[in-house]
Amino acid sequence: MTSNDKQANGVEDEPLFDPSILRELDFEHKSRATYNPNISPQNPGEMLKLRPLYKSDYDKGYMNLLSQLTKVGNVSREEFEARFNDLKGCGDTYYIVVIEDMSLNQVIGTGSLVKERKFLRQCASRGRIEDIVVNNAYRGKQLGKLLLDVLTILCQKIDCYKLSLECLDGMVKFYKQFGFDKEDGQNYMVQRFHD
Ligand code: 16G
């Protein structure tokens, strides 16, 4: 991590994971999507920046952004920081990426990759994509595509043997372009303990 990574968001601030991991992704060769106009993790669009989640994103509308996906409740700064510390403490497990609109100091897109460790397959790990959201006002800028692309490349870099996600019917076509498919005989099943 460079000193700029810390200073960029204030002295007290910290990223969830080392930002250099994103800089080192071989996006040019590993990307599965096509972009028109061309964008990349280094250049997601005018005044936009793609980076790890920082603690200060609580003040940049991160929770508000998540509320465009599902219920978020009323999370205080203390609760946010405690959860952030939990996730970071797990090390090499939670990779939450955001896109910030630097002109507004607001996060306008996010996606998570979670690495789950296993005993099977010679102590392999699998990846899960979670909580992909792009602010409604930024639709059509290929940002969901970029987030997915980055997380899919990152998943391979951190040595996962497979990557999965859950989505609504209307999103199946979108996710197929990154190589996701429904496997014969496999079903997503869920049981909910709270509304
Ligand atoms: C979608 C999300 C999932 C998220 C869930 C929240 C993607 C690919 N899928 O399934 O990650 O956790 O919605 O909905 O972003 P819920 O609050 O009803 O569980």
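Quick check on region 161-168. Is at least one of its residues aliphatic (A, V, I, L, M), touching a helix residue (DSSP H, G or I) at 6+ places or on another chain (Cβ under 9 Å) and either within 15 Å of the ligand (Cβ to nearest atom) or within 15 Å of Pro41 (Cβ to Cβ) (or both)? Give the derivation first.
First, the residues of region 161-168 that are aliphatic (A, V, I, L, M): 163, 165, 168.
Then drop every residue that is not touching a helix residue (DSSP H, G or I) at 6+ places or on another chain (Cβ under 9 Å), which leaves 163, 165.
Filter once more, keeping what is either within 15 Å of the ligand (Cβ to nearest atom) or within 15 Å of Pro41 (Cβ to Cβ) (or both): 163, 165.
For region 161-168, residues aliphatic (A, V, I, L, M), touching a helix residue (DSSP H, G or I) at 6+ places or on another chain (Cβ under 9 Å) and either within 15 Å of the ligand (Cβ to nearest atom) or within 15 Å of Pro41 (Cβ to Cβ) (or both): present.
Any residue in region 173-195 that is exposed (fewer than 11 other Cβ atoms within 10 Å of the Cβ), under 28 Å from Asp18 (Cβ atoms), out of contact with any Phe, Trp or Tyr (no Cβ under 7 Å at 6 or more places or on another chain) and without any contact (Cβ under 8 Å) to a residue 12 or more places away in the chain?
No - not one qualifying residue is present in region 173-195.
Quick check on my filter: what residues within region 25-39 are surrounded by 11 or more Cβ atoms within 10 Å (Cβ to Cβ) and without any contact (Cβ under 8 Å) to a residue 40 or more places away in the chain?
To start, the set of residues in region 25-39 that are surrounded by 11 or more Cβ atoms within 10 Å (Cβ to Cβ) comprises 25, 27, 30-33, 35, 39.
If the condition is that a residue be surrounded by 11 or more Cβ atoms within 10 Å (Cβ to Cβ) and without any contact (Cβ under 8 Å) to a residue 40 or more places away in the chain, then no residue fits.
Would it be correct to say that Leu151 is within 14 Å of the ligand (Cβ to nearest atom) and in contact with a Pro (Cβ under 9 Å, 6 or more places away or on another chain)?
Against the criterion (within 14 Å of the ligand (Cβ to nearest atom) and in contact with a Pro (Cβ under 9 Å, 6 or more places away or on another chain)), Leu151 does not qualify.
Within the group Ala124, Ala137, which residue is within 20 Å of Lys49 (Cβ to Cβ), more than 15 Å from the ligand (Cβ to nearest atom) and modelled with pLDDT of 95 or more?
Ala137
Restricting attention to region 172-195, which residues are near the ligand (Cβ under 10 Å from one of its atoms) and either farther than 27 Å from Lys118 by Cβ or out of contact with any helix residue (DSSP H, G or I) (no Cβ under 9 Å at 6 or more places or on another chain) (or both)?
Residues satisfying the conditions are Phe174, Tyr188, Val190, Arg192, His194, Asp195.
Within 13 Å of Leu147 (Cα to Cα), polar (S, T, N, Q) and more than 16 Å from the ligand (Cβ to nearest atom) - does that describe any residue in region 64-87?
Scanning region 64-87, I find no residue that is within 13 Å of Leu147 (Cα to Cα), polar (S, T, N, Q) and more than 16 Å from the ligand (Cβ to nearest atom), so the answer is no.
Restricting to region 99-114, name every residue that is away from the ligand (no atom under 15 Å from the Cβ) and either among the charged types (D, E, K, R) or over 16 Å from Pro41 (Cα atoms) (or both).
Residues satisfying the conditions are Glu100, Asp101, Ser103, Leu104, Asn105, Gln106.
Show the residue pairs that are 6+ apart or on different chains and have beta-carbon atoms under 7 Å apart, the first residue being within region 156-170 and within 17 Å of Asp92 (Cβ to Cβ), the second being part of a helix (DSSP H, G or I) and within 16 Å of the ligand (Cβ to nearest atom).
These pairs meet every condition: Leu163/Thr152; Leu163/Cys155.
The values are calculated or read from the model by the stated rules, or taken from the named source; none is laboratory data. Because the structure is predicted, anything quoted here is derived from the model rather than measured. Neighbour counts run over all protein chains shown; Cβ positions are idealised from the backbone, glycine included.
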